Amino acid sequence: MRVIASSIRKGNVIEQDGKLYVVVSAENIHPGKGTPVSQIEMRRISDGVKISERYKTTDQVEKATIEERNYTYLYEDGDGYHFMNPETYDQVQVSKDVIGDAAAYLQESMTVKLSMHDTNPVAIALPQRVTLEVVETEPVTKGQTASSSYKPAVLSNGVRTTVPPHITVGTRVVVMTEDGSYAERAKD
């Protein structure tokens, strides 16, 4: 299926020169003068090699046919990460290359979307938000207003982020999985 380069998003799978690539990041750049371009960073699925390509936004790109299905995360071992299809109970193993930075946010029995190409997992999409506990942060400074000052914090998955001053150690917070940014205090 051919699509224009500007419609390519992170997680899409592109076929180029007979090889499959998963999109790591896609950015549309509109310079003041000249032609707008799409800067696409991709990882070759067969061997994990990363490449960066630049297309005119109107160029046609071959998008591979991918099946997206919901899977439940089970566990991680030396071979990789294990997921289960909740409808058929089939288990699938996903390599560390495919999971990448998403590994920090995986939680037991979390539902994720796995992109499959001929029964091979090629990409993962996490839920947009995930709830984690703050394990380390600075104490509240008296008189500090909560307007725009954020303080550094370490979450239970080891990811560093910034939180508002009123958040203390042990507080459960909701963070965005895309960039690890603080969204809100958990309601539970």
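The values are calculated or read from the model by the stated rules, or taken from the named source; none is laboratory data. What you see is a predicted model, and the numbers here were worked out from it, not measured in a lab. When we count neighbours, we look across all protein chains shown, and the Cβ atoms used for this are built from the backbone with ideal geometry, even at glycine. Heads up: the accessible areas ignore ligands, DNA and RNA and are worked out on the full protein's heavy atoms, side chains in. Shrake-Rupley method; radii C 1.70, N 1.55, O 1.52, S 1.80 Å.
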Members of the range 25-69 found to be within 21 Å of Val94 (Cβ to Cβ) and small (Gly, Ala, Ser), listed by number: Ser25, Ser46, Gly48, Ala64
Filter result for the condition that a residue is among the polar types (S, T, N, Q), under 22 Å from the mean Cα position of the chain (by Cα) and within 20 Å of Asp101 (Cα to Cα), over Asn28, Asn70: Asn70
Residue tally, condition surrounded by fewer than 16 Cβ atoms within 10 Å (Cβ to Cβ) and more than 12 Å from the chain's Cα centre (by Cα), over the range 89-118: 13
Residue list for the range 79-133, filter: within 16 Å of Gly11 (Cα to Cα) and in a helix (DSSP H, G or I): Lys96, Asp97, Val98, Ile99, Gly100, Asp101, Ala102, Ala103
Hits in the range 175-186 - residues which are under 24 Å from Pro139 (Cβ atoms) and either crowded, with 16+ Cβ neighbours inside 10 Å or free of Cβ contacts under 8 Å to residues at least 24 places away in the same chain (or both): Val175, Gly180, Ser181, Tyr182, Glu184, Arg185
Residue count for the range 119-134, restricted to those that are touching a residue at least 40 places away in the same chain (Cβ under 8 Å) and more than 15 Å from the chain's Cα centre (by Cα): 4
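Okay, residues lined up against (1) more than 18 Å from Ser109 (Cα to Cα); (2) open to solvent by 30 Å² or more (accessible area, probe 1.4 Å); (3) modelled with pLDDT of 90 or more:
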| position | (1), (2), (3) |
| --- | --- |
| Arg2 | yes, yes, no |
| Glu15 | yes, yes, no |
| Val22 | yes, no, no |
| Ser46 | yes, yes, no |
| Thr58 | yes, yes, no |
| Glu76 | no, yes, yes |
| Met84 | no, yes, yes |
Any pair with Cβ under 8 angstrom, 6 or more apart, that starts in the range 1-16 at a residue that is closer than 16 Å to Asn120 by Cβ and ends at one that is open to solvent by 50 Å² or more (accessible area, probe 1.4 Å) and assigned to a strand (DSSP E or B): Asn12/Lys63; Val13/Lys63; Ile14/Glu62; Ile14/Lys63; Glu15/Glu62; Glu15/Lys63
Residue match in the range 142-154 (condition: loosely packed, with under 15 Cβ neighbours inside 10 Å and touching a Leu at 6+ places or on another chain (Cβ under 8 Å)): no
Pairs with Cβ under 6 Å, 6+ apart, first in the range 44-63 and farther than 16 Å from Gly18 by Cβ, second of a type in the set (Gly, Ala, Ser): Tyr55/Ala5; Tyr55/Ser38; Thr57/Ala5; Thr57/Ser6; Thr57/Ser38; Asp59/Ala5
Residues of the range 157-188 classified as in a strand (DSSP E or B) and among the β-branched types (Val, Ile, Thr), total: 6
Hits in the range 60-74 (condition: in contact with a helix residue (DSSP H, G or I) (Cβ under 9 Å, 6 or more places away or on another chain) and at pLDDT 90 or above): Gln60, Val61
